[in-house]
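Read through the structure below, which is laid out as structure tokens, and then see the notes.
The numbers here are math on the coordinates, done by the rules we state, and not lab data. From a predicted model like this one, the values you see are computed outputs, not experimental measurements. Here the Cβ is made from the backbone with ideal geometry for all residues, glycine too, and neighbour counts use every protein chain on show.
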Amino acid sequence: MFKPKDAQQQEEKAPQLSLDEQRRLAFEKQAKDAEVISSEKEFRRGEVSIRDIIAPSSMKVTSSYLELGTKFVRTLFVINYPRYISIGWFAPVINYNAILDISMFFYPIDSEVVLKQLRNKVGALEAQLVADAEKGAPRDPITETALHDVEQLRDDLTQGIEKFFQFGLYVTMYADSLELLDKLTEKIEAVFGTKLVFTKRALYQSEQGFNSTLPIGNDELGIGFNMNSSPIASSFPFISSELSSDNGILYGINRHNNSLILFDRFSLQNANTAVFATSGAGKSYAVKLEVLRSLMMGADVLIIDPEKEYQHLSDAVGGSYINLSLSSDNKINPFDLPRPVGEVNTADIIRSAVITLKGLVKLMVGDLTPLEDSLVDRALLETYAKKDITPTSNLAEIDPPLMSDFEEVLSSMEGGDNLAQRLSKYTRGTFAGLFNSPTNIDMSNQLVVFSVRDLEDELRPIAIYNIVNYIWNVVRSKLKKRILVIDEAWWLLQREDSAKFIYALVKRSRKYYLGVTTITQDVNDFLRSPYGQAILTNTSLQLLMKQSPAAIDMVQKTFMLTEGEKYLLLESGVGEGIFFAGSKHAAIKIVASYTEDQLITSDPRQLLEIEQAKKEFAESMEGA
């Protein structure tokens, strides 16, 4: 090989160095390398690696648990399963409100090996049965069942329906103290025990158990159970209380697993909702958030507001806010009739209106005797006939009568003077301005709020009844996706006639694409009412928020809550509770964006700050 002249000269010179010189040069080179390595070590000491961030500050290994920094850690492993196990049996463990690490290890076993062992097992079981029969011993159902199961498994393995595995299932728990760890361990063992699944603690293998549930795939415990495919599939871990759908609105966050609760109330058998909570638990906040998001999805919303809580929301989205009081210019005529949708018999509409008006009259004048009831029924029909409203009339061209027309008809009837006098305060007396005028409100807006805050307590149930009746007429006049919110619905359950009317409305709303939301804080009064129970039966969606100790037992019985769910409702914070949708339910936390929160808040402090900001903005605009 040809070498450059310089390289040849260097090679010729290299051997000329003395042994001492060579040693000195080698020593200097080693010292320089050691200095570089030392400098690199010093540099790396100043760096922070991922391992440094995630590693605990210390670890102490004991026979039954680990101390990992400030946490106490213990691992359980499953040793036995029942003969039958249902799909999703593992969900209570996964959804348990604690920090858990779960590992599953699957080791496939060759079917030929399993079939050979099963054949030997079949022979042993059959021999046992024959021997028992020869001895005249009574039949052994356990042995017979085992033989049937082994034969069934042999058939499934031979046909390829099933595969065979060794299955290891480990659960690692974390707690802040040893006492809490022991309590948590007992609770998790009890949850497994309710499914007849037996576990053991990893004694003298605490570190191996912890390592086996780390996300590195190392099975250091090596404890498995022979199982075929079907029971293993029933342990599928990704199962929890999910309430998500492709359509609908965001109701909140699932507190079990932090997933989103997205739901369309109109996808259920009916779109009705019931909201139960104590005062200040956030029920109005949750409903207003649903209203705001439903408006964005194109639904019309009608609200009966007893405490003027929805005015700020209405103003923000450009809704119609109708304040009903004795001095208000807004009027609703109780004698209005719906415009028929489709092939609806006019006679049926008039008959239904008369029944509804009789309920209103009973609220106004008190209970009626059978004779008075018959008199009122006939007078209402004559009142409509006086305005040429008969079964043959065109309801699109009618001029509805007023309460004064009804009083006049009553006065002209034999035995009607007493009723007419009791009704006069609503036609010529103190309350004449509320029920004796033609309807003059506009229902064309997407959001319409009826406020009854300024009404006296005596008038409030009557006014709400009249409003709901008017809304029901509007709903039946034009088929459209609508939501009706009745806040403080217990007002209407105080009297049988109004309770019966609300029940009929809730029951029939599905046919007219209407979802009724009833809100109440007097849970006991609502659930003790037979009509309240009936309304709840016809409600597919329920939202339970913080409950008082006085009402929790009835709520638990009505909704068949577990003890854990019972205490969850007792200890829930503002905006937290349980969301029911059909047969599913999940713990929920209501979450709103900053902008939504500013629109729907009921906090007086926040409302004052918003009003102050509006005032300052207006003053600055005037100054500009």
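Taking the longest Cα principal axis of the chain as reference, the axis of helix 111-134 is set at about 80 degrees.
Within the chain, which is the longest segment containing none of the chymotrypsin sites (Phe, Trp or Tyr not before Pro) that sit in a DSSP loop and have at most 12 other Cβ atoms within 10 Å?
239-624
Among the listed pairs Lys163/Lys195; Lys331/Lys386; Lys308/Lys481; Lys507/Lys557; Lys507/Lys546; Lys308/Lys387, those with a Cα-Cα distance over 30 Å are Lys308/Lys387. The sum of -39500 (n - 2.57) across all DSSP H runs of n ≥ 4, divided by the residue count of the chain, sets its helix-only mean residue ellipticity at 222 nm to -14500 deg cm²/dmol. Placing one equal scatterer on every Cα of the chain and applying the Debye formula, the log10 ratio I(q)/I(0) at q = 0.07, 0.09, 0.11 Å⁻¹ is -0.70, -0.90, -1.10.
Loop-only check: which trypsin sites (Lys or Arg not before Pro) in region 65-173 are DSSP coil with at most 10 other Cβ within 10 angstrom?
On the way: sites: Lys71, Arg74, Arg83, Lys116, Arg119, Lys121, Lys135, Arg139, Arg154, Lys163; in loops: Arg83, Lys135, Arg139, Lys163.
Answer in residue order: Arg83, Lys135, Arg139.
For the peptides 533-543, 175-185, the ranking by packing is 533-543, 175-185, with the highest mean count of neighbouring Cβ atoms within 10 Å listed first.
How big is Rg to Rh over region 333-438, alpha-carbon atoms, Rh as the Kirkwood inverse-mean-distance radius?
Values: Rg = 13.6 Å, Rh = 14.1 Å.
When Rh is taken as the Kirkwood radius, the ratio is 0.96.
Please say if region 418-542 is rounded, prolate or oblate, where rounded means a/c under 1.5 for a ≥ b ≥ c the square roots of the C-alpha gyration tensor eigenvalues, and otherwise the choice is prolate for a/b larger than b/c and oblate otherwise? Since a/c reaches 1.5 but b/c is at least a/b, the shape of region 418-542 is classed as oblate. In this structure the amide hydrogen of Asp305, modeled in the peptide plane, comes within under 5 Å of the amide hydrogens of Phe450, Ser451, Val452, none closer than 5 places in sequence on its chain.
The amide H of Thr199, built 1.01 Å from its N in the peptide plane, has Ile79 as neighbours under 5 Å, considering only residues 5 or more places off or on other chains. Within the shell defined by Cβ-Cβ distances under 11 Å, the residues around Pro438 carry a net charge of -1, with Lys and Arg each +1 and Asp and Glu each -1.
With a cut-off of 14 Å between beta carbons, the residues surrounding Lys29 carry a summed charge of -1, where Lys and Arg count +1 and Asp and Glu -1. Qualifying GluC sites (Glu not before Pro) in region 57-161, where qualification requires a DSSP coil assignment and no more than 16 other C-beta atoms within 10 Å, are lacking entirely.
Each residue, Met296 and Gln421, gets one label point 7 Å from its Cα in the Cβ direction; the gap between the two is 6.0 nm.
Restricting the trypsin sites (Lys or Arg not before Pro) of region 309-378 to loop positions (DSSP other than H, G, I, E, B) with no more than 12 neighbouring Cβ atoms within 10 Å leaves nothing.
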